[in-house]
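Report on the structure given below.
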Amino acid sequence: MGSPRWRRLCLLLLAGLTSSLILYGHYYATVEAPTSQRLLPPRRPASPHPGGRPLAALGASPSSRGEPPALRTPALGFGPSACLHSVTARAKADPKFGQLFRFDIPVLMWDQHFSPETWDRLKARHVPYGWQGLSHAAIGSTLRLLNTSSNRRLFDRDNFPGGCVRCAVVGNGGILNGSRQGKEIDAHDLVFRLNGAVIKGFEEDVGTKISFYGFTVNTMKNSLIAYEEYGFTQIPQAKDLRYIFVPSDMRDYVMLKSAIQGSPVPEGSDKGDEPQKYFGPEASAKKFKLLHPDFLHYLTSRFLRSEIINTQYGYLYMPSTGALMLLTALHTCDQVSAYGFITDNYEQFSDHYYELEKKPLLFYANHDMMLEAELWKSLHRAGIMKLYQR
Ligand SMILES: *[C@@H]1O[C@H](CO)[C@@H](O)[C@H](O)[C@H]1NC(C)=O
Ligand SMILES: *[C@@H]1O[C@H](CO)[C@@H](O)[C@H](O)[C@H]1NC(C)=O
């Protein structure tokens, strides 16, 4: 399954496009792209990808360089649970994944993390893994608002007495078209969705429940443009819905602050945007979660260290939003099922489940979908999560 990777790599990459340019039709190319890049020439691999990179190679030398000291975060929800076949237990028992998973790493970031030590560590790394070039005052003023208990954990274990917290993470892959998995998805305790998560008209296939919606401001806004024609006209809103910000750029910190304050974005590329338009009128600090840049760094270096990192565009590389949501669930839930994620037979399916005509999966130069595919397959085989395949 290796060679199609480069052949099919779509090089529409992207960005430095202003949002107005994006509005004029470059949106397909930018949906999953970070924001701070200039238009790039097509990337040509120096040599064909030799196919599956063994995960063991990733885990063989997990570098502790740059990783944060473990924070004890009992609030995060891994306390002793009554769950027999939990992700944690399975991962720890697995020879390969036992070396990769660190369940003491902070998944979320909140006000107390904004210390001089964290600033010094993170300002040495570029986004999304750090704060290089970002303003101390702006980061600080955002993080100070993340001061509620719900900013410190993804969910409250007390709401799930006596058992496993079962999570479904729903990607938007074409494999879900006609899958009739909706009931099964909704039967999970918590359901994660992301980016262009079209629900209307696809309830039988993808369900309706939504506990978390994950995005970067860039992917969120581009999804609204690119998938509007398929009915994605509104970011999901509901009373109990929580938003998971992926801090891929300054934009995300700025939007998050405005969202909590309920005021228009004062500066930057989203200047004038009304966050209520996306997140609804009753947004307050407790509605929002922010992934910790150290968590993104840890995930990338241990689970999804792509060879793209070693190319001249390596600084653009990051795991896809779907990958980040799935890995977030794997570090917080007791049991995890993945739906709509890339599988070996992806060529049989459309890019997304809601397209009217089959479109080939779009590969972005800043993601490594084949590496992600291999990780999901491998986690499924190890019994650590369940990957929906057909
Ligand atoms: C959180 O911060 C806000 C804004 O500074 C403040 O009004 C609020 O009282 C703080 N809440 C807690 C629980 O400290
Ligand atoms: C979705 O499934 C239906 C029924 O199997 C099929 O006719 C249609 O072409 C599929 N759509 C896409 C975009 O693949």
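The values are calculated or read from the model by the stated rules, or taken from the named source; none is laboratory data. This is a predicted model, so every value here is computed, not measured. Using ideal geometry, Cβ is built from the backbone for each residue, glycine included, and neighbour counts are taken over all protein chains shown. Heads up: the accessible areas ignore ligands, DNA and RNA and are worked out on the full protein's heavy atoms, side chains in. Shrake-Rupley method; radii C 1.70, N 1.55, O 1.52, S 1.80 Å.
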Checklist entry - According to the square roots a ≥ b ≥ c of the eigenvalues of the Cα gyration tensor, what is the shape class of the stretch 296-342, taking rounded for a/c under 1.5, prolate for a/b larger than b/c otherwise, and oblate for the remainder? => result prolate
Item to check | Accessible-area composition of the stretch 319-390, carbon plus sulfur, in percent [1.4 Å probe] | outcome: 50 percent
Checklist entry - Among 363-374, 297-308, what's the highest-first ranking by average C-beta atoms within 10 angstrom per residue? => result 363-374, 297-308
Item to check | Amide H contacts of Arg125 (H built 1.01 Å from N, under 5 Å, at least 5 apart or other chain) | outcome: Trp131, Gln132
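On full extension of the chain, what length is gained from Gln348 through Ser135, given 0.36 nm per residue of separation minus the C-alpha to C-alpha distance? It would help to have the intermediate numbers written out before the result.
On the way: separation 213, 0.36 × 213 = 76.68 nm, distance 4.57 nm.
Length gained, Gln348 through Ser135: 72.1 nm.
Excluding ligands, DNA and RNA, what is the solvent-accessible area per residue of the stretch 275-331 at a probe of 1.4 Å, expressed in Å²?
Values: 1430 Å² over 57 residues.
Heavy-atom accessible area per residue stands at 25 Å².
With Cβ to Cβ distances under 10 Å as the rule, what net charge do the other residues near Lys239 carry (K, R +1; D, E -1)?
Values: positive: Lys287; negative: Asp240, Glu282.
Counting the neighbours of Lys239, the net charge comes to -1.
Students often get this wrong, so check it: of Lys209/Lys359; Lys123/Lys257; Lys239/Lys358; Lys123/Lys286, which have C-alpha atoms separated by over 30 Å? Walk me through the numbers on the way to the answer.
Working: Lys209/Lys359 27 Å; Lys123/Lys257 20 Å; Lys239/Lys358 35 Å; Lys123/Lys286 27 Å.
From the list (Lys209/Lys359; Lys123/Lys257; Lys239/Lys358; Lys123/Lys286), the Cα-Cα distance tops 30 Å for Lys239/Lys358.
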Checklist entry - For the stretch 334-390 and the stretch 235-286, what is the separation of their Cα centres, given in Å? => result 29 Å
Checklist entry - How far is it, in nm, from the label point at Gln99 to the one at Lys239 when both lie 7 Å from their Cα along the line to the Cβ? => result 5.0 nm
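Express in nm, to one decimal, how much length is gained between Asp156 and Arg180 on full extension, taking 0.36 nm for each residue of separation and deducting their alpha carbon distance.
Working: separation 24, 0.36 × 24 = 8.64 nm, distance 2.98 nm.
Gain on extension, Asp156 to Arg180, equals 5.7 nm.
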Checklist entry - Within the accessible area of the stretch 216-300, what % is carbon and sulfur when the probe is 1.4 Å and the other protein chains stay in place? => result 48 percent
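Subtract the Cα-Cα distance of Glu267 and Ser149 from 0.36 nm times their separation in residues, and report this length gain in nm to one decimal. Walk me through the numbers before you get to the answer.
Numbers: separation 118, 0.36 × 118 = 42.48 nm, distance 2.84 nm.
Roughly 39.6 nm would be gained on extension.
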Checklist entry - Using 1/(1 + (r/R0)^6) with R0 = 22 angstrom and r between the beta carbons of Arg390 and Glu355, what's the FRET efficiency to the nearest 0.05? => result 0.80
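Based on the Kirkwood radius over alpha-carbon pairs, what is the Stokes-Einstein translational diffusion coefficient of the stretch 133-247 at 10 °C with 1.306 mPa s viscosity, in µm²/s? Before the final figure, lay out the partial values.
Numbers: Rh = 15.8 Å.
The diffusion coefficient I find is 100 µm²/s.
If you count only protein heavy atoms with a 1.4 Å probe, what accessible area per residue comes out for the stretch 158-248, rounded to a whole Å²? Don't skip to the end; give the middle numbers.
Values: 3310 Å² over 91 residues.
With the other protein chains kept in place, the stretch 158-248 gives 36 Å² per residue.
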